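Colleague: Before we start, here is the structure in question, set down as structure tokens.
The values are calculated or read from the model by the stated rules, or taken from the named source; none is laboratory data. Keep in mind it's a predicted model, so treat the numbers as computed, not measured. So basically every Cβ, Gly included, is an ideal-geometry build from the backbone, and we count neighbours across all protein chains shown. Just so you know, the surface numbers come from the protein's heavy atoms only, side chains and all, with ligands and any DNA or RNA stripped out. Shrake-Rupley method; radii C 1.70, N 1.55, O 1.52, S 1.80 Å.
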Amino acid sequence: MEDNSIYILKNYGVTKIKLKEILIEKGISRNKLCSLVGANFDLINRYYNNSISRVDLDIISRFCYVLNCNISDILEYTPSNEK
């Protein structure tokens, strides 16, 4: 059967936000990070729990600046096994 749909769902892989690991490693609380980057706790908590659907590059840049790390330390892409 031919698929004539315009939108075809594909598995492109997964991107994980590793903020929790970095904060634990550096001994920084979410509350402290809130004040350092000028963001509210709810936003920081969504990044911390890897439950955010759209990444804000400005926030990621602030994380990198404050935590003295690279973007690759915060975001990790795992490709799909499906090709």
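Colleague: Please give the length that would be gained between residue 24 and residue 65 if that part of the chain were fully extended, namely 0.36 nm times their separation in residues minus their C-alpha to C-alpha distance (nm, one decimal).
Modeller: My answer for the length gained is 13.1 nm.
Colleague: Further, regarding this structure: Determine the calculated [θ] at 222 nm for the chain from helices alone, applying -39500 (n - 2.57) to every DSSP H run no shorter than 4 residues and normalising by the residue count; nearest 500 deg cm²/dmol.
Modeller: -12500 deg cm²/dmol
Colleague: Placing unit charges on C-beta atoms (Lys and Arg positive, Asp and Glu negative, everything else neutral), compute the dipole magnitude of the chain about its Cα centre in debye, rounded to 20.
Modeller: 360
Colleague: Work out from phi, with θ = phi - 60° and the Karplus expression 6.51 cos²θ - 1.76 cosθ + 1.60, the ³J(HN,Hα) of each residue of the range 66-80, listed in order in whole Hz, and give x for Gly and Pro.
Modeller: Using θ = phi - 60°, the values come out as 5, 8, 6, 9, 9, 4, 5, 6, 9, 10, 10, 9, 10, x, 6 Hz.
Colleague: Let me ask you something else. For the chain, compute the number of Lys pairs whose alpha carbons are separated by less than 27 Å, excluding pairs fewer than 8 positions apart on the same chain.
Modeller: Within the chain, the lysine pair count is 9.
Colleague: Once you put a point 7 Å from the Cα of residue 11 and another 7 Å from the Cα of residue 43, both along the Cβ direction, what distance in nm separates them?
Modeller: Simple spin-label model gives 3.4 nm for this pair.
Colleague: Can I ask one more? Residue 75's amide H: which non-local residues (gap 5+, or another chain) put their own amide H closer than 5 Å, with H modeled 1.01 Å from N in plane and none for Pro or chain starts?
Modeller: So residue 75 has HN proximity to 18.
Colleague: Binning every alpha carbon pair distance of the chain at 10 Å from zero, what are the percents per bin?
Modeller: Going out from 0 Å in 10 Å bins, the chain shows 16, 45, 19, 13, 6, 1 percent.
Colleague: On to the next question. Using the heavy atoms of the protein chains alone and a 1.4 angstrom probe, what is the accessible area of the chain per residue in square angstrom?
Modeller: Numbers: 6380 Å² over 83 residues.
In whole numbers, the chain has 77 Å² accessible per residue.
Colleague: Which listed residue (36, 47, 78) has the Cα farthest towards the positive end of the charge dipole for the chain, taking +1 on Lys and Arg C-beta and -1 on Asp and Glu C-beta about the Cα centre?
Modeller: The Cα lying farthest towards the positive end belongs to 36.
Colleague: Give me the percent of accessible area attributable to carbon and sulfur for the chain, probe 1.4 angstrom.
Modeller: Solvent-exposed carbon and sulfur of the chain make up 50 percent of the total.
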